[in-house]
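J.: I'd like to ask some things about the structure below.
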Amino acid sequence: MKNTSLFSLRSAQPILLALLFITTVHIADAQVIFQEDKNNFIRLVQKPSEADSDMRANQHPFTLHEQDVSAILSAIQVVKNKNTSTPLFSNDQVALLAAYLPEALRTATAQQDVIFALSKEKRYLAGLKTQTYYVAGSIFVADDQLNILIGEFDKVANKAYEMAYDPTSQGLVKYDFDFGNRKQAKFSFDSPLSFSAPGIELKTKNRFDWVVAPTQLAFEAPVEKETLSPANRENTPSKKDVAGSAPLPAENDIVARFKRLDALKKAKLISETEYAEKRRQLLDEL
């Protein structure tokens, strides 16, 4: 019995080595834009082969501004029930994607997608304990729209597994993530979504895992495009009045820069001294 088990183990070694080689090659092919650890990253990968019209070449490279990324991602909510919804991305996740997605899209070729996996922590038991959750997916520009495929939402980190295989917390455990698919999968993300910004919608009504958004959000658009009755039109602020109001895009840019700075500090990509100096500079701009 022991000899049979030993033989089986030795026979399996070439297969395991081959699988390891394939995985290593796949990771090596990915172009890293941001990486904090094995389970927090933003990368460029080869997009799926063009089997049908939904998989034609992307509009890359593409220029997208940080404030637009922040506005789009912050506007996506996962509907839990009739009265409750939660953001698809946490503030830190929005800040990281706003910081690195523009670079990824500028660098990407027409045959590449951006994939991401990012963590967040939630506290429970009156804040005494924390649990790590992941969001993962892919992003690309096509048909003059930003396309977001949701592969994972609130994927729970397995603490027992991590303690068994990485007891000293060296970041050795790597999770397998679903980055979404242009072809609808049998067990794809299926929670209803809501959107708090104009122009953001589902790619198709029967899929909650594919979101499309305009590549530039016009913050004054709802005021300018609203159809008003003659009685209400007199009380509507003119374009001159709107232009004289607070510059929302600039304000959003400052907020996004603060969030990005906090995210970089949390990811330990800048020192405390650098953080304090950059924060002071941002405060001076207010």
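Only the coordinates and a few stated rules stand behind these numbers; no lab work does. Because the structure is predicted, anything quoted here is derived from the model rather than measured. Glycine gets a Cβ as well: all are built from the backbone with ideal geometry, and neighbour counts include every protein chain shown.
J.: What are the residues whose amide H is under 5 Å from the amide H of Thr215, where those residues sit 5 or more places off or on another chain and H is modelled from the backbone?
T.: Leu146
J.: What's the exposure ranking of Asp178, Asp113, Asp144, going from fewest to most Cβ atoms within 10 Å?
T.: By the 10 Å Cβ count, ascending, the order reads Asp144, Asp178, Asp113.
J.: To continue, here is another question. Give me Ile150, Ile76 ranked fewest to most by other Cβ atoms within 10 Å of their Cβ, as a rough exposure proxy.
T.: Ile76, Ile150
J.: Something else: Provide Arg182, Arg280 in ascending order of the number of other Cβ atoms located within 10 Å of each residue's Cβ, fewest first.
T.: Lowest count first: Arg280, Arg182.
J.: Once the piece of chain linking Arg123 and Glu277 is laid out straight, how much longer is it, given 0.36 nm per residue of separation minus the C-alpha distance between them? All intermediate terms of the calculation are to be shown ahead of the outcome.
T.: On the way: separation 154, 0.36 × 154 = 55.44 nm, distance 3.02 nm.
Extra length from Arg123 to Glu277 when fully extended: 52.4 nm.
J.: Relative to the present Cα-Cα distance, how much length would full extension add between Ser196 and Thr130 at 0.36 nm per residue of separation?
T.: Result for the pair: 20.9 nm of gain on full extension.
J.: Over 22 Å between Cα atoms: which of Lys80/Lys122; Lys120/Lys183; Lys80/Lys203; Lys159/Lys265 fall into that group? Please report the intermediate quantities before stating the final value.
T.: Details: Lys80/Lys122 16 Å; Lys120/Lys183 28 Å; Lys80/Lys203 20 Å; Lys159/Lys265 24 Å.
Listed pairs above 22 Å: Lys120/Lys183; Lys159/Lys265.
J.: Tell me the relative contact order for the range 55-196 as a rounded percent, counting alpha carbon contacts under 8 Å between residues six or more apart.
T.: Computed over the range 55-196, the figure is 25 percent.
J.: Now for a different question. In nanometres, what is the gap between the two model label sites at Thr204 and Glu285, each 7 Å from Cα along Cα-to-Cβ?
T.: 4.2 nm
J.: Then there is this: When the Karplus curve 6.51 cos²θ - 1.76 cosθ + 1.60 is applied with θ = phi - 60°, which whole-Hz ³J(HN,Hα) does each residue of the range 125-135 get, with x for Gly and Pro?
T.: Using θ = phi - 60°, the values come out as 6, 6, x, 7, 10, 10, 10, 8, 10, 10, 10 Hz.
J.: Right, next: Could you calculate the contour length gain from Lys174 to Lys186, that is, 0.36 nm times the residue separation minus the distance between their Cα atoms, to one decimal place in nm?
T.: Length gained between Lys174 and Lys186: 1.9 nm.
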